[in-house]
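Comments concern the structure below.
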Amino acid sequence: MKHKKLFYVFSILCLVSIFLLCFSSVSMAADQKLVNTLKKAFEQIEDWLLKLATPAAAVAVRNWCVYEEV
């Protein structure tokens with residue numbers, strides 16, 4: 001009987017600790033500075049891709065017009 005009570009108490013403590021860790025308001029892995037740095041880096045990558053894609057799109061449109069005339 002004593003082992004059964006010990007098992008229930010241990011199970012409840014484990015569930016409560018898991019619940020508190022999963023749903024706590026403080027997150028251990030979300031450093032605001034790191035998130036902002038990554039966000040800024042991805043925005044810069046997006047800007048560079050847009051700058052690279054614009055001339056390629058212009059060339060594609062120009063070539064399409066030439067092909068339509070022929």
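Observations on the structure shown:
- Karplus-based coupling profile of the range 36-53, in residue order and whole Hz: 5, 5, 5, 5, 5, 5, 5, 5, 5, 4, 5, 4, 5, 5, 5, 5, 6, 7, with θ = phi - 60° in 6.51 cos²θ - 1.76 cosθ + 1.60 and x standing for Gly or Pro.
- A crude spin-label estimate for the pair Ser11 and Phe23, with each label 7 Å from Cα along the Cβ direction, gives 1.9 nm.
The numbers here are math on the coordinates, done by the rules we state, and not lab data. The structure presented is a predicted model; accordingly, all values stated were derived computationally and were not measured. Every residue, glycine among them, receives a Cβ derived from its backbone with ideal geometry; neighbour counts consider all protein chains shown.
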